[in-house]
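Contents: one structure, followed by commentary.
Derivation of every value follows stated rules applied to the coordinates shown; laboratory data play no part. Note that this is a predicted model, so its numbers are computed, not measured. Every residue, glycine among them, receives a Cβ derived from its backbone with ideal geometry; neighbour counts consider all protein chains shown.
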Amino acid sequence: MANISILGTGSMGQAIGGLVAKGGNTVQQLNTSNAAEAVTGDIVILAVPHSALAGIVATRGAELAGKVVVDITNPLDFATFDDLTVPADGSAAAELARELPQSRVVKAFNTNFAGTLATGSVGSETTAVLIAGDDADAKAAVSSFVEAAGLRAIDAGSLKRARELESLAFLQMTLAAGEKLSWTGGFAAVA
């Protein structure tokens, strides 16, 4: 069993927290009401908007050293919904990894909508969580709790692949915002 901390309690934080508990793992939910509590998890999931990452690094950076840090953010310009806010050859996850050099940063859950995590399916397919990172043990730890919850974990490669995951999520979100795709739907991975 894993001990997992989730920073953020929005719909994604709640859905991921449900997955963690469903898989028999311990979950600690941290939000504004208990922000002073220490992070207890060996895996820390940042279920916050991209804009909140700098504040988390500033206030909890030292506390995250040695931990697996899962970045679920999408660096989308939510004012215009027409661009990512990171350079085309980079990603939010890569920037976070540079800011947290003592942590093992993994990109995951950013291509999933909360509804598909909660139901465990996208249409008739099992929800797939794409995972990118440079540390094999960190990716295995994330895969383990994802699969324990009944979802499919897919190793998407190195952390460099986070840029493609963020682009895929951007496309999916713009399609949903344009009502061409449901917010309870999404893309499915079929083997």
Mean separation of Cα contacts under 8 Å (at least 6 apart) over the residue count of the stretch 98-191, i.e. the relative contact order in percent, is 36
Counting DSSP beta bridges with both partners in the stretch 86-188, what percentage is antiparallel, nearest 5?
-> 45
Go through LYS22/LYS160; LYS139/LYS180; LYS22/LYS107 and tell me which ones have a Cα-Cα distance over 28 Å in this structure.
-> LYS22/LYS160; LYS139/LYS180
Helical mean residue ellipticity (222 nm; -39500 (n - 2.57) per DSSP H run of 4+; nearest 500) of the chain | -10000 deg cm²/dmol
Dipole check, the stretch 50-145, charges on Cβ (K,R +1; D,E -1), about Cα centroid: among PHE113, ALA97, VAL142 the Cα furthest to the positive pole belongs to VAL142
Output for the stretch 24-110: GluC sites (Glu not before Pro) sitting in coil per DSSP, at most 14 other Cβ within 10 Å, listed by number, reads GLU37
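Mind checking the dipole of the chain: about its Cα centre, +1 per Lys or Arg Cβ, -1 per Asp or Glu Cβ, Debye to the nearest 20?
So the magnitude is around 300 debye.
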How big is the gap, in Å, between the Cα center of the stretch 85-147 and the Cα center of the stretch 42-74?
-> 13
Tell me the label-point distance for the pair GLN102, ALA140, using the 7 Å Cα-to-Cβ offset, in nm and rounded to one decimal.
-> 2.5
Once you charge only the Cβ atoms, +1 for Lys and Arg and -1 for Asp and Glu, what is the size of the charge dipole of the stretch 74-173 about its Cα centre, to the nearest 20 debye?
-> 240
Whether the stretch 1-62 is rounded, prolate or oblate, judged on the alpha carbon gyration tensor where a/c under 1.5 counts as rounded | prolate
Using θ = phi - 60° and the Karplus relation 6.51 cos²θ - 1.76 cosθ + 1.60, list the HN-Hα couplings for the stretch 78-86 in order, rounded to whole Hz, with x at every Gly or Pro.
-> 6, 6, 10, 6, 10, 6, 7, 9, 10
Cα gyration tensor of the stretch 152-191, axes a ≥ b ≥ c as square roots of the eigenvalues: rounded (a/c below 1.5), prolate (a/b > b/c) or oblate?
-> oblate
Apply the Karplus parameterisation 6.51 cos²θ - 1.76 cosθ + 1.60, with θ equal to phi minus 60°, to every residue of the stretch 135-148 and state each ³J(HN,Hα) to the nearest whole Hz, in sequence, with x for glycine and proline.
-> 9, 4, 5, 5, 5, 5, 5, 5, 4, 4, 6, 5, 5, 4
State the extension gain, in nm to one decimal, for the chain segment bounded by LEU168 and ALA35, taking 0.36 nm per residue of separation less the distance between their alpha-carbons.
-> 44.7 nm
Applying the gyration tensor rule to the Cα atoms of the stretch 57-160 (axes a ≥ b ≥ c; rounded if a/c under 1.5, else prolate if a/b exceeds b/c, else oblate), the class is oblate
